[in-house]
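The values are calculated or read from the model by the stated rules, or taken from the named source; none is laboratory data. Since this is a predicted model, take the numbers as computed values, not measurements. A quick note on method: Cβ atoms are made from the backbone with ideal geometry, for glycine too, and the neighbour counts reach across all protein chains shown.
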Amino acid sequence: MSKSDGNTISPTELFTGQSQHVSKGYSPMVVRFFMMQSHYRSPNDLTDDALQAAEKGFKRLMEANKTLSSLTSSSVSGSLDNKIEETLLGIFEDMDDDFNTPKALARTFELVTIINSLKEGQITASEVSASVLDKIKSTFKTIIIDVLGLKDESENNVGPMDGLMELVIELRQLARTNKDWSTSDKIRDSLNEINIQIKDGKDGTSWNFK
């Protein structure tokens, strides 16, 4: 992005949709999901089409998590057990490999396909054992919530403002890590203009309304 080229967008514009570069505002979780589709050390081509695709992918992931809780199996062993366990293990190995979120997400969506196939009956309950299904249920939630930090925005336990500010602070911290002081200052000043103050301390960054 370059201000002289006129292709910049602020976090506020991204979330509200008040920019010529996006057709609407995108939620903090969708933007987070979008960013994790590329490695943190790789360039990220932020376009409206890419954000729309990320929104669909994020919703598909959240729906799979809801679907998973309703699935049952009484099978002692299943033909897909080994594949599923290897996929679950692979996700954590990808995250250990220099925080490779694109690869981890790709494996996670392999599980999404299995979950949806179980729901639609394309995969029978006998193909996945009860113990492995229980493992998917516990580990899938750990992956998307505890590891990737993605949360279902339809749930009341996360306020939209809290989620938005969490992402804004993360974006600012990333800019500071990359010594991109102009972007860091721009985020701080833009928040200040709408009466939001951020404070950096030894325990991290906090925010409050002025």
Would you confirm whether or not the stretch 80-88 contains a residue that is outside any helix (DSSP H, G or I), in contact with a helix residue (DSSP H, G or I) (Cβ under 8 Å, 6 or more places away or on another chain) and either touching a residue at least 12 places away in the same chain (Cβ under 8 Å) or crowded, with 17+ Cβ neighbours inside 10 Å (or both)?
yes
When you look at LYS59, is it among the basic types (Lys, Arg) and closer than 30 Å to GLN20 by Cβ, yes or no?
yes
Is it true that some residue in the stretch 90-98 is part of a loop (DSSP other than H, G, I, E, B), over 30 Å from GLY17 (Cα atoms) and in contact with a helix residue (DSSP H, G or I) (Cβ under 9 Å, 6 or more places away or on another chain)?
yes
Residue under evaluation PHE99, criteria (1) on the phi > 0 side of the Ramachandran plot; (2) over 17 Å from the mean Cα position of the chain (by Cα), criterion not met
(2)
LYS83 being under 17 Å from the mean Cα position of the chain (by Cα), basic (Lys, Arg) and within 30 Å of VAL132 (Cα to Cα)
no
Checking the conditions here, which among ALA64, ALA54, ALA50 is hydrophobic (A, V, I, L, M, F, W, C), loosely packed, with under 15 Cβ neighbours inside 10 Å and closer than 30 Å to LYS141 by Cβ?
ALA50
In the stretch 171-210, anything surrounded by fewer than 15 Cβ atoms within 10 Å (Cβ to Cβ) and either under 15 Å from THR12 (Cα atoms) or touching a Leu at 6+ places or on another chain (Cβ under 6 Å) (or both) is listed as ASP185, ASP189, ASN192, GLU193, ILE194, ASN195, GLN197
Look through SER70, SER74, SER117, SER126 and report the one residue that is more than 17 Å from THR139 (Cα to Cα), assigned to a loop (DSSP other than H, G, I, E, B) and among the hydroxyl-bearing types (Ser, Thr, Tyr).
SER74
Within the stretch 189-207, is there a residue that is farther than 23 Å from MET36 by Cβ, modelled with pLDDT under 85 and among the aromatic types (Phe, Trp, Tyr)?
no
